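J.: Structure incoming, see below.
No value in this document is a laboratory result; all are computed from the given coordinates. Because the structure is a prediction, the values reported are computed rather than measured. Cβ placement follows ideal geometry from the backbone for every residue including glycine, while neighbour counts extend to all protein chains displayed.
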Amino acid sequence: MKTTKLVFMVMIGLAMIEFTAGQSFNIAAAASVKTAKTSLASSKTKAKSTATAAKSKKLMKGVATVYADKFIGRKTASGQRFRQSELTAAHRLLPLGTKVRVTNLRNQKTVEVRINDRGPWAKGRIIDLSAAAAAKVGMAKRGTALVKLEVVSSASSG
């Protein structure tokens, strides 16, 4: 409610400034204010989710996928370059630097990975694994697997 009032006040302020300058109200400015409001609300939600993810979800189950080769050499959310040979992974909410034990529920093979990127963004997926990590849990050829995730250590505890 407060954000809506703020947006309305900003729009009125913009209208008054443009009116005094002898120009018509700029619709694009109003649209950008609305976009900024949506973006702000979205980032607040993401920040809250990220902060509580490690505490509330020590154990998760879902589908894991293997990173596509097109990401090799690109910067991850942590700023590191992605390499298929490292034991790393992407998770939407867990803090960067968190260590996670991934267990393939089909064959019980496990691997410990470090979260250094965000994703996966495909619906129904909970983690993207590097090729090296996927090979350790026996899912490299198949490309996906039902897995269990256990937080081993959070980013803050080292």
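J.: Quote to one decimal, in nm, the extra length available between Glu86 and Ala68 on full extension: 0.36 nm per residue of separation minus the C-alpha distance between them.
T.: 5.1 nm is the gain from fully extending Glu86 to Ala68.
J.: Let me ask something additional. Can you count the Lys pairs in the stretch 57-153 with C-alpha separation below 12 Å, eight or more apart or on different chains?
T.: Summing the qualifying lysine pairs gives 6.
J.: Let me ask another. May I ask for the net charge around Lys148, where only other residues with Cβ less than 9 Å from the Cβ of Lys148 are counted and Lys, Arg are +1 while Asp, Glu are -1?
T.: Local net charge: +1.
J.: Here's another thing I want to ask about it. Express in nm, to one decimal, how much length is gained between Ala155 and Lys123 on full extension, taking 0.36 nm for each residue of separation and deducting their alpha carbon distance.
T.: 9.0 nm
J.: If you don't mind, there's one more thing I want to ask. Which whole number in µm²/s is D for the stretch 68-158 by Stokes-Einstein, with the Kirkwood Rh taken over Cα pairs at 37 °C and 0.692 mPa s?
T.: 252 µm²/s
J.: Still on this structure, please answer the following. Can you work out ³J(HN,Hα) from phi for every residue in the stretch 137-147, in order, using Karplus 6.51 cos²θ - 1.76 cosθ + 1.60 and θ = phi - 60°, giving whole Hz and x for Gly and Pro?
T.: These are the phi-based 3J(HN,Hα) values: 9, x, 10, 4, 6, 6, x, 9, 7, 7, 10 Hz.
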